[in-house]
Amino acid sequence: MTHEEILKGLYDETLLGNAPLVLELTNAGLAAGLGPESILFDALIPSLEEVGARFERGDFFVPEMLIAGKAMAGALEVLRPLLALTGAETVGKFLMGTVKGDVHDIGKNLVNIMLEGAGFTVYDLGVNVPPEKFVEQVAEHQPDIVGFSAFLTTTMPMFKANINAIDKAGLRDKVIVMVGGAPVTQEYATAVGADGYAADASTAVRLAKELIKQKRNLVTA
Ligand code: B1M
């Protein structure tokens, strides 16, 4: 099979939620010399974008979304160690979770993988994380950054609730707050008082490093 055929197969089979074949094609792609980034950005992510578009049009329903998500998650498990290969030294601690009321985690997991790859120590709290849990874990791990993911317009307001809870616990000036997720915008992030927003995983990594650098410079200045 050519690289193009493998990528097309990955796109098509993710769309159909054929997890075993997506896994097989992922392994076949790697064996044939395809880079993990290409598998991710040229096939898996575009396929999930198409799943979302079909859901919006009413051509797909929740079960189709679920099996496509599962197929992608299976491939991500294979790609995870390869994407994280460069992780040599710890550049900072990042506490991450999907906000309360929201169970989407593929995008969050991808950000985590890229952060680990860039040398961050990542504490992942999973999905549906309530504000009190974020507060407790910020106090326990003392991360440089706490990240909130939200993928629904209805759960985005949890950013503000989380920031308020962290503020109330007296921890706000100790931790950088980053937010992200499909419906989130820079304007929204600024309005709720987050320190940073990124639209995708690689921008998130770049911004995380930049924000930590700024904070460390402020402390030593
Ligand atoms: Co849902 N879902 N879903 N879903 N789902 C979306 C998000 C939706 C946009 C689909 C659509 O209508 N087009 C829509 C939200 C609409 C809105 O609010 N505006 C939607 C809906 C409506 C729902 C339900 C309400 C459906 C229902 O029940 N009627 C329901 C809600 C459940 C809940 O959470 N309470 C629901 C359920 C599900 C499944 C469980 C079936 C499944 C999730 C599986 C899983 O995650 N384990 C699912 C899926 C798969 C999707 C779509 C199709 C794909 C999401 C995805 O994984 N994208 C999605 C459509 C879409 O996004 N196109 C959709 C790929 C991923 C790599 O991208 O998630 O954007 P993304 O992550 C990016 C960036 O956002 C960024 O980096 C990531 C990597 O580049 N990023 C950050 C993420 N977090 C970050 C944090 C940062 C920085 C950057 O700093 C801290």
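What is the helix-to-structure angle for 3-16, meaning the angle in degrees between its Cα long axis and the longest Cα principal axis of the chain, kept from 0 to 90 and rounded to the nearest 10? The angle comes out at about 70 degrees.
Taking each residue as 0.36 nm, the span from residue 203 to residue 103 lengthens on full extension beyond its C-alpha to C-alpha distance by 33.7 nm.
The simple spin-label model puts a point 7 Å past each Cα toward its Cβ; for residue 53 and residue 1 those points are separated by 2.2 nm. In this entry, the chain is assigned a mean projected area of 12.6 nm², taken as a quarter of its C-alpha convex hull surface.
Residues whose amide H comes within less than 5 Å of that of residue 171, counting only those at least five positions distant or on another chain, are absent (H built at 1.01 Å from N in the peptide plane). Binning all Cα-Cα separations of the stretch 74-180 at 5 Å, short to long from zero, yields these whole-percent fractions: 2, 14, 24, 23, 19, 12, 5, 1, 0. Relative to the dominant Cα principal axis of the chain, helix 45-57 is inclined by about 90°.
Computed FRET efficiency, Cβ-Cβ of residue 182 and residue 219, R0 41 Å: what is it to the nearest 0.05? My answer for the efficiency is 0.75.
Between the C-alpha center of the stretch 94-132 and that of the stretch 1-66 there is a gap of 22 Å.
Couplings for the stretch 162-173, taken from phi via the Karplus curve 6.51 cos²θ - 1.76 cosθ + 1.60 with θ = phi - 60°, read 5, 5, 4, 5, 5, 4, 4, 7, x, 10, 4, 7 Hz in order; Gly and Pro are left as x.
Based on protein heavy atoms only, the chain ends up with 49 Å² per residue of surface accessible to a 1.4 Å probe.
Straight-line reach from residue 168: which lysines have a Cα under 19 Å away, not including same-chain ones fewer than 8 places off? Straight-distance partners of residue 168: 100, 133, 160. Taking 0.36 nm per residue of sequence separation and removing the Cα-Cα distance, the residue 164/residue 136 pair yields an extension gain of 8.7 nm. Here is how the number arises for the chain: DSSP H runs of 4 or more residues each give -39500 (n - 2.57), the sum is divided by the residue count, and the result at 222 nm is -18000 deg cm²/dmol.
Taking 16 Å as the straight-line reach from the Cα of residue 174, the aspartates and glutamates in range (excluding those fewer than 8 positions away in the same chain) are 136, 140, 144, 195. Computed in the context of the full set of protein chains, the accessible area of the chain at 1.4 Å probe radius has 58% of its extent on carbon or sulfur. Only protein heavy atoms count here; under a 1.4 Å probe, residue 57 has an accessible surface of about 140 Å². The alpha carbon radius of gyration of the stretch 3-86, expressed as a multiple of 2.2 N^0.38 Å, is 1.04.
The values are calculated or read from the model by the stated rules, or taken from the named source; none is laboratory data. These numbers were taken from a predicted model, which means no experiment stands behind them. Because the Cβ atoms are built from the backbone with ideal geometry, glycine has one as well, and the counts that use them run over all protein chains shown. Each accessible area value is taken on the protein alone, full model and side chains, heavy atoms only, with ligands, DNA and RNA left out. Shrake-Rupley method; radii C 1.70, N 1.55, O 1.52, S 1.80 Å.
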